[in-house]
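Q: My questions all concern the structure below.
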Amino acid sequence: MGGGGGDGGRAKNSSGHDAEKDRIFCSEAVPARLWLGGLAACGALAMVLLPRLFDVTWYMVFIALLCAPPFSVGIIYGTGLTDHNLASAVGKLAMFAFGPAGNGSITPALVMCGLVISVCSQATDLMQDFKAGYLVRARPRAMLVAQLVGALFSSIMAPSLFALYTRAFEIPGPVYKAPFGRVYRAMAIVATSGLDALPAHCCSLCAAFAALSFAVAAAAESPRCSAIKPLLPSPLAMGVGMYLGTSLAVDTTVGGLLAHRWRTSDPAGYAAFYPVVGSGLIAGEGLWSLPQVLLAIARVKPPVAIGFSSGGA
């Protein structure tokens, strides 16, 4: 009886907290004229500056800016489910859309790819920030001011950190090989020939798997398929796994097993603290890169080095 009362009290308390978060988050709205004016101003600035800096036309920039918001909706939804930003995948599609317009030059494909990725990534990051603000009961207008301050400082910190990295390491080099630079350049070269440059049946396979993912997602949401719903895989999770490859396989697997153990052993503690613990682990891994750069500048060598080689070596 005591345990049931405690669970009921926690559920009631959780419901009250959610209602308070909803009230605070919905108490203020960002004026439409503000964000619409910001979109128009940034779009106009991009159409003026990018053609002056790169070999692109203003209407290429305009078309890219029109196409990016619909893609952002799907990326935001996927990021909310998986915590993986897939904006770069849409950027690769933009390469093949704008590559043939370059007349043999890879610059338009790379610039439009970067533009689409930037727009989609910013929309996704803003969604994540608003989610964090909702959890800590921050007001939307205060978050908007914080976003503007962060954008101002990032325009200073980003090039400064890049200069720090290039001073500490040779990029590309043995430590930071910058493999994505080669990948994107190779894809841009292929994109200049359009879809015909893709391997045989590539577009057919893409269309088939896209149709399959839609069918599985529709079946998962259909009441008629409720009996088999637990057996249906998540197309989005499968796509993320194929897209990321094995680079995060061990981390994701270990983290998922620990989260499952925590959720089954302490559901209330898991529901209350898993966002904080997960955010701390992600932030800790990212923050370590700065001490790594400083140690490399100081030419500090690790006391122990572990290497792997083949059995015949």
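Q: List pairs: first residue in the stretch 228-247 and part of a helix (DSSP H, G or I), second residue open to solvent by 60 Å² or more (accessible area, probe 1.4 Å) and at pLDDT below 80 anywhere in the structure, Cβ distance under 6 angstrom, at least six positions apart or on different chains.
A: Hits for this filter: 236/81.
Q: Within the stretch 25-61, can you find the residues that are among the aliphatic types (A, V, I, L, M), surrounded by 11 or more Cβ atoms within 10 Å (Cβ to Cβ) and not in a helix (DSSP H, G or I)?
A: If the condition is that a residue be among the aliphatic types (A, V, I, L, M), surrounded by 11 or more Cβ atoms within 10 Å (Cβ to Cβ) and not in a helix (DSSP H, G or I), then 30, 56 are the ones that fit.
Q: Which of the following residues is open to solvent by less than 50 Å² (accessible area, probe 1.4 Å) and within 26 Å of residue 73 (Cα to Cα): 168, 138, 146, 151? Explain how you work it out, then say what you get.
A: Numbers: 168 fails: within 26 Å of residue 73 (Cα to Cα); 146 fails: open to solvent by less than 50 Å² (accessible area, probe 1.4 Å); 151 fails: open to solvent by less than 50 Å² (accessible area, probe 1.4 Å).
Exactly one residue qualifies, and that residue is 138.
Q: Here is a further query. Give the residues of the stretch 171-206 that are part of a helix (DSSP H, G or I), over 13 Å from residue 92 (Cβ atoms) and among the basic types (Lys, Arg), sorted by residue number.
A: Scanning the stretch 171-206 gives a single hit, 182.
Q: Take the stretch 198-227 and flag every residue that is open to solvent by 80 Å² or more (accessible area, probe 1.4 Å) and over 23 Å from the mean Cα position of the chain (by Cα).
A: 199, 200, 201, 205, 212, 221, 223, 224, 227
Q: Please report, ordered by residue number, the helices (runs of 4 or more DSSP H) entirely within the stretch 65-170 with at least 3 residues that are under 30 Å from residue 48 (Cβ atoms), of a type in the set (S, T, N, Q) and free of Cβ contacts under 8 Å to residues at least 12 places away in the same chain.
A: 140-168
The values are calculated or read from the model by the stated rules, or taken from the named source; none is laboratory data. Values in this document were obtained by computation on a predicted structure and should not be read as measured data. Cβ: placed from backbone, ideal geometry, glycine included. Neighbour counts: every protein chain shown. Heads up: the accessible areas ignore ligands, DNA and RNA and are worked out on the full protein's heavy atoms, side chains in. Shrake-Rupley method; radii C 1.70, N 1.55, O 1.52, S 1.80 Å.
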